[in-house]
Amino acid sequence: MDKQGIYLGPRLRRLRRDLGLTQANMAADLDISPSYIALMERNQRPVTAETLLKLAKAYKIDFSTFDEDTGAAIVARLNAAMRDPLLADIDFGPLEIADAAHSFPGFAEALLRLHTAYKEEQFELADRRQGFAAKNTPIAGDPVAAVQSFLSARRNCFPILDAEAEKLASRINEAGGLTSYLKQRHNLRVRRLPTSVMTGSLRRLDWHRKDLLLDESLDVAGQNFQMAQQIAYLDFEESIQTTVAEGKFENDNGARLASRALAAYCAAAILMPYASFAKAAEARRYDVEAVARQFSVSFEQAAHRLTTLQKPGQELIPFSFIRVDAAGNVSKRLNSGTFPFARHGGGCPLWTVHQVFTSPYQVVTQWLELPDGQRFFSIARTVSSGGGGFGIPSVERAVALVCEAHHADRLVYSRNHPQTQSPTPIGIVCRLCHRMECTARSEPPIGRQILFDNYRRLNAPFGFSDP
């Protein structure tokens, strides 16, 4: 970097937002004016070496990698946008895309926003074609979708909550564990009661008797998580509500679901503190089962936590996570990466997350390729909840972690599944997939003309016109 500095507007703005700071807060930390922060974020002023040093000191950031993320990330996003089937007949050279990203960052960001809006409209149209807009409540008011959007916009990472949770985890250890902490800090006694007594509750706080009641059918990981989540509600209430307020949810249901999601986030951060969990994940090459045992949590809890490791300056592999049941119903979607989940439904039937029910508790790996050429690496495995005693029903689900292909060599799971193997061609959902030869297709894609089969019947369920 020369003495004049470099332009890092989008990266600086993202860093500030990830840290939960206003321009005035950051200006005070760096001893410069808020207006100068605004100019740097708009790429109207460069970030000098002196400013980078101040950033590194104030926020514990390795500034040697600070500018690497910016250009590379925008170029990667532009490359993905240019691979859209809509632009298939336009030739974009890699130098042109890189030049646009570095020389015209504002224009590049505007283009990416427009492309994102276009893709959202495609999803919306697919939803309407499938009848989701026929409900009394409009799609825009769906509280589950609103919370998913809220988490996705922040890459499922909340550094302020992580920092508070790490401090609290230390105090819990000093107190002798979760049970002792609840007694010492909140004068609550932890009691485990039969399922018949709990009458449908896994956890119940009885303030009158100063008891935290847990269903005794919960395994150790489940009991620990419920205690940690109760602690989060008690100790992080103000921080959680402040964060929820940033979401500006349309209704109370959205805000309540967001509060629950953030309480669960805090619970995971207490049981798996960011720094130590990230170190263990890297050391064990993201072996989910091994890391889960180290922290006495479940496979699903550890996999979920891996999606949250995007603290500025301490980012690990950005993962996407999904949980589905045998019928394809999705009960959880989390995305700190770039995998384009379907808004509704479980996605492509060729993805092994829908097939692992035939091999319970075995990790199944798979290379995936989307119609635009993007490649990903997936691991999938079944998990169970409930049970814990005779006659107590359990639920079997499948979870999958997905990362971009270039990260896969850092995962232990790619050792026996090298990238030289052919990827499975999948789509997001049939309505948005234009693979003509797919025999697993259940619906034709939006915007394509269905061909007659008077004289020819294809192997694929539908024959449709070229774009």
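FYI, it's all coordinate maths here, none of it is from the lab. Computed from a prediction, not measured in an experiment: that's the story for all the values here. All Cβ positions, even for glycine, are placed from backbone atoms using ideal geometry, and neighbour counts span all protein chains on display.
In the chain, if the dipole is taken from +1 on Lys/Arg beta carbons and -1 on Asp/Glu beta carbons about the Cα centre, which of Tyr181, Tyr361, Ala56 is farthest to the positive end? Looking along the dipole axis, the top candidate is Tyr181. In the distance distribution for the range 308-422, Cα-Cα pairs more than 18 Å apart total 54 percent.
The Cα atoms of the range 304-349 give a gyration tensor whose axes a ≥ b ≥ c have a/c of 1.5 or more with a/b greater than b/c, which makes the shape prolate. For the range 143-212, chymotrypsin sites (Phe, Trp or Tyr not before Pro) are listed when DSSP marks them as loop and at most 15 other Cβ atoms sit within 10 Å of their Cβ; the list is Trp207. Computed about the Cα centre, the dipole magnitude for the range 233-340 is approximately 320 debye when only Lys and Arg (+1) and Asp and Glu (-1) carry charge, each at its Cβ. Per-residue ellipticity at 222 nm computed for the chain from its helices equals -13000 deg cm²/dmol, with DSSP H segments shorter than 4 residues left out and the rest contributing -39,500 (n - 2.57). Modelled spin labels at Glu443 and Ala76, positioned 7 Å past Cα toward Cβ, are 3.1 nm from each other. When Val383, Val220 are arranged by Cβ crowding within 10 Å, least crowded first, meaning fewest neighbours, the order is Val220, Val383. Ignoring lysines fewer than eight residues from Lys279 along the same chain, the ones with Cα atoms less than 16 angstrom from its Cα are Lys311. Simple rule: put +1 on each Lys or Arg Cβ and -1 on each Asp or Glu Cβ in the chain, find the dipole, and look at Ile446, Ser35, Leu218; the Cα lying farthest toward the positive end is Leu218. Rounded to the nearest 20 debye, the dipole size of the chain about its Cα centre is 1040 debye, using +1 on the Cβ of Lys and Arg and -1 on the Cβ of Asp and Glu. For the range 413-450, trypsin sites (Lys or Arg not before Pro) meeting the loop criterion (DSSP other than H, G, I, E, B) and having at most 12 other Cβ atoms within 10 Å: Arg415. Is the C-alpha gyration tensor of the range 358-467 telling us rounded, prolate or oblate? Criteria: a/c under 1.5 is rounded; beyond that, a/b larger than b/c is prolate, otherwise oblate. Oblate, since a/c reaches 1.5 and b/c is not below a/b.
Ellipsoid fit via the Cα gyration tensor, the range 208-354: semi-axes of 25, 21, 18 Å, each the root of five times an eigenvalue, largest first.
Its residues counted as N, the chain yields a C-alpha radius of gyration over 2.2 N^0.38 Å of 1.06. Kindly identify the range 9-66 as rounded, prolate or oblate by the Cα gyration tensor criterion: order the square roots of the eigenvalues as a ≥ b ≥ c, call it rounded if a/c is under 1.5, otherwise compare a/b with b/c, prolate if a/b is larger, else oblate. Because its axes are fairly even, with a/c under 1.5, the range 9-66 counts as rounded.
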